[in-house]
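Here's the structure, in structure tokens; my notes come after.
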Amino acid sequence: MRYLDTLTQLIHLFVETMDQYFGNVCELDIVFNFHKVYGILDEIILGGEIMETSKNTIISTMKSIELVD
């Protein structure tokens, strides 16, 4: 049961982070910006381990990557 709670919190973090990054995320944001969605997911989970749980840090990293591109 603890595993399901952790997984639910992880999904919630992912959705909230996407919502904050895209500004009210919708299906089209995910379809046309899938590389950014994968980037957000990669910041949260790396090698099967939870690496980052701070939305502000994830958003900051993604914005830094955006500047490089």
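The values are calculated or read from the model by the stated rules, or taken from the named source; none is laboratory data. No experiment lies behind these values; they were computed from the predicted model shown. Positions of Cβ are backbone-derived with ideal geometry, glycine not excepted, and every protein chain shown enters the neighbour counts. Side chains included, ligands, DNA and RNA excluded: accessible areas come from the protein's heavy atoms. Shrake-Rupley method; radii C 1.70, N 1.55, O 1.52, S 1.80 Å.
With charges set only on the Cβ (+1 for Lys and Arg, -1 for Asp and Glu), what does the dipole of the chain come to about its Cα centre, in debye to the nearest 20? Walk me through the numbers on the way to the answer.
On the way: 4 positive and 11 negative charges, 21 e Å.
So the magnitude is around 100 debye.
For the chain, what is the mean residue ellipticity at 222 nm derived from helices alone (per DSSP H run of n ≥ 4: -39500 (n - 2.57); sum divided by total residues; nearest 500 deg cm²/dmol)?
-24000 deg cm²/dmol
Net charge near Leu10, counting Lys/Arg +1 and Asp/Glu -1 over other residues with Cβ under 14 Å of its Cβ? Can you show the working numbers first?
Numbers: positive: Arg2, Lys55; negative: Asp5, Glu16, Asp42, Glu43, Glu49, Glu52.
In short, -4.
Return the distance in nm (one decimal) between the two label points of a simple spin-label model at Leu41 and Leu67, each offset 7 Å from Cα along Cα→Cβ.
Result for the modelled spin labels: 2.7 nm.
Rounded to the nearest 10 Å², what accessible area does Leu41 have for a 1.4 Å probe in the complete protein model?
It works out to around 60 Å².
Note down the net charge around Lys63, summing +1 for each Lys or Arg and -1 for each Asp or Glu among other residues with Cβ under 12 Å from its Cβ. List each step's numbers first, then the result.
Details: positive: Lys36; negative: Glu43, Glu66, Asp69.
Neighbour charge sum, excluding Lys63 itself: -2.
Cβ under 11 Å from Lys36's Cβ, Lys36 left aside: what net charge do those residues give with Lys, Arg +1 and Asp, Glu -1?
Working: positive: Lys63; negative: Asp29, Asp42, Glu43, Glu66, Asp69.
Taking every other residue near Lys36 into account, the sum is -4.
What accessible area per residue comes out for the chain, rounded to a whole number of Å², with a 1.4 Å probe?
Details: 5190 Å² over 69 residues.
Per-residue accessible area for the chain comes out at 75 Å².
At a probe size of 1.4 Å, how large is the accessible area of Val68, to the nearest 10 Å²?
Probe radius 1.4 Å; accessible area of Val68 about 120 Å².
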